[in-house]
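A.B. asks: The structure under discussion is supplied below as structure tokens; questions concerning it will follow.
Nothing in this text is a laboratory measurement; each read-out follows from the coordinates by a stated rule. Quick caveat, the model's predicted, so the values are computed rather than measured. Reconstructed Cβ throughout: ideal geometry from the backbone, glycine too, with neighbour counts over all protein chains shown.
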Amino acid sequence: MINDIIEMFSNDFMIRALIGGVLVSLCASLLGVSLVLKRYSMIGDGLSHVGFGSLAIASALGSAAPLQIAIPVVIIAAFFLLRLSGNSKVKGDAAIALISTSALAIGIIAASVSGLNTDINSYLFGSIIAMDKTDVIFCSVLSVFILIIFVFFYNKIFAVTFDENFAKATGTKAGVYNMIIALLTALTIVVGMKMMGSMLISSLIIFPAVISMRICSRFKTVIITSAAVSVVCFLIGLIASYSYSAPTGASIVVVNMIVLLIASLIGRFVKKRK
Amino acid sequence: MGELIKCTDLAFSYEDVDVIKDLSFTVNDGDYLCIVGENGSGKSTLTKGLLGLKSPDKGKIIFSDELKKKEIGYLPQQTPAQKDFPASVFEVVLSGRLNSRGLRPFYSKKDKMIAHDNIRKLGIEELMKRSYRDLSGGQQQRVLLARALCAGKKLIFLDEPVTGLDPIVTEEMYRLIDDLNKKDKITVVMVSHDIQSAAKYATHILHLNFEKSFFGTTEDYIKSPLGQYFFGDNKVYSEV
């Protein structure tokens with residue numbers, strides 16, 4: 001078993017997948033706690049579809065670096081979705097569904113017209129060999145940034161997540177924190193999409209947060225548990241996908257799903273004992 | 001008895017409809033002001049104005065020097081997302097101190113002491129380590145009230161604090177607020193639907209009623225045409 005794992009990581013691409021994946025899981029799980037609690041979970045899903053659409057169009061137009069085009073588009077979409085959720089004319093959930101299916105449809109058309117089928121498949125469902133050196137560097141910078149923000153602005157993030165109105169009324173600029181969270185989510189999604197696939201990347205945001213909320217009752221422990229669960233599930237999923245040559249993204253989601261079931265059982269048991 | 005808040009000739013609109021016009025009132029130190037009025041009379045709009053989340057179309061809201069914006073405690077209406085929020089009671093109460101931190105990222109010992117004091121004051125010590133989402137509605141309101149006291153000890157602003165509480169807990173909540181006002185000399189501004197209780201506890205009433213709003217002491221309010229509708233011998237409301 002140990003020898004298998006050592007052999008597995010003797011490949012360069014596996015090392016990159018390992019480092020990049022751990023960092024993306026970490027970022028997504030931290031942001032996820034705030035997003036899930038604010039009822040913004042679907043924003044992650046919407047953004048990943050927008051990411052797919054813009055990547056497909058960029059590749060179809062023959063851009064050498066489709067990610068550089070996808071990043072600004074997804075960031076704009078993030079701000080837009082955030083505003084929509086605050087605005088009551090079109091209900092947030094419907095607006096997100098409209099945007100994500102539209103982006104997906106446009107992306108698929110662009111891809112099939114230009115005939116880029118292999119790339120598209122890896123954007124949709126992810127690929128373990130997709131992480132290149134630049135992605136790993138990008139992930140490292142992003143996660144350092146997110147960690148700094150979560151340590152130094154922890155109390156503000158708590159206040160804004162728990163009660164935006166109170167935070168605003170007592171002089172905290174809640175809007176700025178929402179924007180920062182949206183911006184970081186957009187970046188995490190675009191970079192994580194390559195490995196997880198745009199169909200599955202939002203699971204990294206939602207699952208760890210929901211799992212940790214099942215078993216923890218304090219905000220601080222929810223955040224820490226969420227990060228730990230996310231990284232551990234990623235590692236198990238990565239090793240399993242390599243050993244059984246299963247798709248990486250899907251394997252990670254299945255591991256998360258199993259952990260959620262176990263956490264729900266534990267959560268119920270603990271509550272009964274109280 | 002200093003003036004804490006002075007509003008003159010306020011006008012607010014909501015989605016391009018004027019809801020409040022020529023409204024003037026003052027809140028003095030130690031007052032217990034209840035803002036009442038029907039749905040759509042501008043209670044929430046005025047609330048936003050007083051909290052500085054919306055600026056008036058006309059008129060001025062002047063806060064006294066001793067009552068900087070950062071010294072107002074606020075008890076907002078609960079959002080559905082909050083009801084199952086995984087946070088300990090202590091974490092929630094302590095977050096009321098955030099406004100006094102400025103850019104400093106962590107809470108000091110003094111902040112924690114103030115949070116403890118307010119938890120004790122509201123009699124929720126035994127809940128301190130519990131999770132907010134496991135509490136009853138009345139307990140959650142007490143926790144949020146403790147948080148409001150952490151944010152400001154001079155004036156607290158309560159937005160329909162008894163919504164959704166059962167009659168016994170409602171009465172307890174009113175007594176608690178009354179105690180804070182009388183014993184701890186905290187000025188209270190409360191938005192409420194419940195005119196009967198407002199008249200029972202408040203020293204002053206602001207009844208928003210479009211062009212004919214009432215502002216004055218509770219005694220005068222009961223004698224006024226608006227008050228007579230609720231407390232007098234059943235006048236028809238449209239005559240008011």
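A.B. asks: In the neighborhood of A:Asn178, defined by Cβ-to-Cβ distances under 15 Å, what is the net charge if each Lys or Arg adds +1 and each Asp or Glu adds -1?
C.D. replies: So the surrounding residues net to +4.
A.B. asks: Return the percentage of antiparallel bridges among DSSP beta bridges fully within the protein assembly as shown, rounded to the nearest 5 %.
C.D. replies: Looking only at bridges with both residues in the protein assembly as shown, the antiparallel portion is about 50 percent.
A.B. asks: When the expected Rg is taken as 2.2 N^0.38 Å, what fraction or multiple of it is the alpha-carbon Rg of the protein assembly as shown?
C.D. replies: Dividing the Cα radius of gyration by 2.2 N^0.38 Å gives 1.14.
A.B. asks: Got a sec? Charge dipole of the range A:2-269, +1 on Cβ for Lys and Arg, -1 for Asp and Glu; which of A:Ala167, A:Leu200, A:Val141 is way out at the positive end?
C.D. replies: A:Ala167
A.B. asks: If we count every other residue with Cβ under 13 angstrom of A:Gly32's Cβ, Lys/Arg +1 and Asp/Glu -1, where does the sum land?
C.D. replies: Charge balance near A:Gly32 sits at +1.
A.B. asks: Only bridges with both residues in chain B count here: give the DSSP antiparallel percent, nearest 5.
C.D. replies: 50 percent
A.B. asks: I need the Debye-formula profile for the range A:33-184: one equal scatterer per C-alpha, no solvent, reported as log10 I(q)/I(0) at q = 0.18 1/Å, two decimals.
C.D. replies: -1.14
A.B. asks: What Kirkwood hydrodynamic radius, in Å, does chain B give when the mean of 1/r is taken over all pairs of distinct Cα atoms and then inverted?
C.D. replies: About 18.7 Å, per the Kirkwood formula over Cα pairs.
A.B. asks: Identify, among B:Leu149, A:Phe125, B:Gln78, the residue whose Cα sits farthest towards the positive end of the charge dipole of the protein assembly as shown, taking +1 on the Cβ of Lys and Arg and -1 on the Cβ of Asp and Glu, with the dipole about the Cα centre.
C.D. replies: Selected residue: B:Leu149.
A.B. asks: For the range A:2-269, divide the Cα radius of gyration by the Kirkwood radius and give the resulting Rg/Rh value with two decimals.
C.D. replies: Ratio of gyration radius to Kirkwood radius for the range A:2-269: 0.97.
A.B. asks: If amide H atoms are built 1.01 Å from N in the plane of the peptide, which residues on other chains or at least 5 residues away come under 5 Å of the amide H of B:Leu158?
C.D. replies: B:Leu75, B:Val189, B:Met190, B:Val191
A.B. asks: Give the separation of the Cα centroids, the range B:188-217 to the range A:125-198, in Å.
C.D. replies: 45 Å
A.B. asks: Using the Cα centre as the reference, give the magnitude of the dipole from point charges on the C-beta atoms of the protein assembly as shown (Lys, Arg: +1; Asp, Glu: -1; all else neutral), rounded to the nearest 20 debye.
C.D. replies: Using Cβ point charges on Lys, Arg, Asp and Glu, the protein assembly as shown gives about 1240 debye.
A.B. asks: Total Lys pairs in the range A:2-269 closer than 29 Å by alpha-carbon, pairs eight or more apart in sequence or interchain only?
C.D. replies: 19
A.B. asks: Over the range B:81-120, with a single point scatterer placed on each C-alpha, what log10 of the ratio I(q)/I(0) does the Debye formula yield at q = 0.21, 0.24, 0.27 1/Å?
C.D. replies: -0.68, -0.82, -0.93
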